[in-house]
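Report on the structure given below.
Read-outs throughout are calculated quantities, based only on the coordinates presented, and are distinct from any laboratory measurement. Small disclaimer: the values here were computed from a predicted structure and weren't measured. In this analysis, Cβ positions are derived from the backbone assuming ideal geometry, glycine residues included, and neighbour counts consider all displayed protein chains.
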Amino acid sequence: MLRSLLFSALLCVSTLALAQKKIISTPNAPVPIAPYSQAVEAGGLVFVAGQIGLDPATRQLVAGGIEAETTRTMANVKAILAAAGLGMDDIVNTTIYLKDLAHFQKVNELYGAYFTGNFPARTTVGVANLPGGASIEIAVVAAQRPRRK
């Protein structure tokens with residue numbers, strides 16, 4: 001009976017810990033253009049909303065095509081992760097949306113430069129359109145490191 005009660009209490013505490021969420025935001029990445037958060041921390045993971053190549057200061061899409069957009073998009077992701085106390089090597093999953101899959105190789109080259117070798121899992125999807133006329137959108141999930149006591 002005591003073992004059953006302890007298990008139930010542990011299960012409730014675990015469920016509450018997973019259900020709690022913390023909103024992550026930074027002025028170093030664009031303010032969301034719709035009703036969503038830049039990122040949400042929950043259950044030891046940080047879910048970064050899809051980012052496009054918006055300049056945080058002007059909220060305008062950067063000029064210069066896929067290279068400039070990819071670079072700005074990755075900078076936005078990096079800034080949001082930094083606000084959560086994380087870095088690029090903490091990313092465990094990435095989803096890239098591309099309007100033109102002909103840019104796949106260039107995006108790979110630019111994207112790969114942000115990592116030190118242990119790449120996250122990744123999916124790249126060709127899409128018909130993206131918000132704000134963007135050519136690329138990137139969403140990531142990062143894992144928090146265990147806190148030291």
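Using a 10 Å cut-off around each Cβ, can you sort 95, 70 from fewest to most neighbouring Cβ atoms? Walk me through the intermediate numbers first.
Details: 95 15, 70 26.
Neighbour counts put them in this order, fewest first: 95, 70.
Find the relative contact order for the chain and round it to a whole percent, using C-alpha pairs within less than 8 Å whose residues are 6+ positions apart.
Values: 261 pairs, mean separation 39.4, N = 149.
Worked out over the chain, it gives 26 percent.
Using θ = phi - 60° and the Karplus curve 6.51 cos²θ - 1.76 cosθ + 1.60, what whole-Hz ³J(HN,Hα) does each residue of the stretch 54-70 get, with Gly and Pro shown as x?
Once rounded to whole Hz, the list reads 7, 6, x, 6, 9, 6, 10, 5, 5, 8, x, x, 4, 5, 5, 5, 5.
Applying 1/(1 + (r/R0)^6) with R0 = 25 Å to the Cβ-Cβ distance of residue 116 and residue 67, what FRET efficiency is obtained, to the nearest 0.05?
Values: r = 21 Å, r/R0 = 0.86.
So, using R0 = 25 Å, E works out to roughly 0.70.
What fraction, in whole percent, of alpha-carbon pairs in the stretch 21-143 exceed 24 Å separation? Each step should come with its number before you reach the end.
Details: 1476 of 7503 pairs.
Considering the stretch 21-143, 20 percent of its Cα-Cα pairs are separated by more than 24 Å.
Give the peptides 104-111, 55-62 in descending order of average Cβ contacts within 10 Å, highest first.
Working: 104-111: 15.2, 55-62: 13.6.
So the peptides 104-111, 55-62, ranked by packing, come out 104-111, 55-62.
Mind putting a number on the dipole of the chain about its Cα centre? Charges go on the C-beta only, +1 for Lys and Arg and -1 for Asp and Glu, and I need it in Debye to the nearest 20.
Numbers: 13 positive and 9 negative charges, 145 e Å.
Roughly 700 debye, rounded to the nearest 20.
What are the ³J(HN,Hα) values, in whole Hz, obtained from phi via the Karplus relation 6.51 cos²θ - 1.76 cosθ + 1.60 with θ = phi - 60°, for each residue of the stretch 105-111 in sequence order, with x given for Gly and Pro?
For the stretch 105-111, the Karplus curve yields 5, 5, 4, 4, 4, 5, 4 Hz.
Would you mind ranking 90, 100 by Cβ crowding within 10 Å, fewest neighbours first? Please list the in-between numbers first.
Values: 90 18, 100 12.
The most exposed by this proxy come first: 100, 90.
Sorted from fewest to most neighbouring beta carbons within 10 Å, what does the list 114, 36 look like? Could you put the intermediate results ahead of the total?
Working: 114 17, 36 10.
Fewest-to-most ranking of 114, 36: 36, 114.
Could you pull out which residues in the stretch 124-139 have an amide N less than 13 Å from a spot 7 Å beyond the Cα of residue 33, following the Cα-Cβ vector?
Residues 129-138 fall inside that zone.
Hey, what do the phi angles of the stretch 125-141 turn into as Karplus ³J(HN,Hα) couplings, whole Hz, using 6.51/-1.76/1.60 and θ = phi - 60°, x for Gly and Pro?
Rounded to whole hertz, the list is 10, x, 10, 7, 7, 9, x, x, x, 5, 9, 8, 9, 10, 10, 9, 10.
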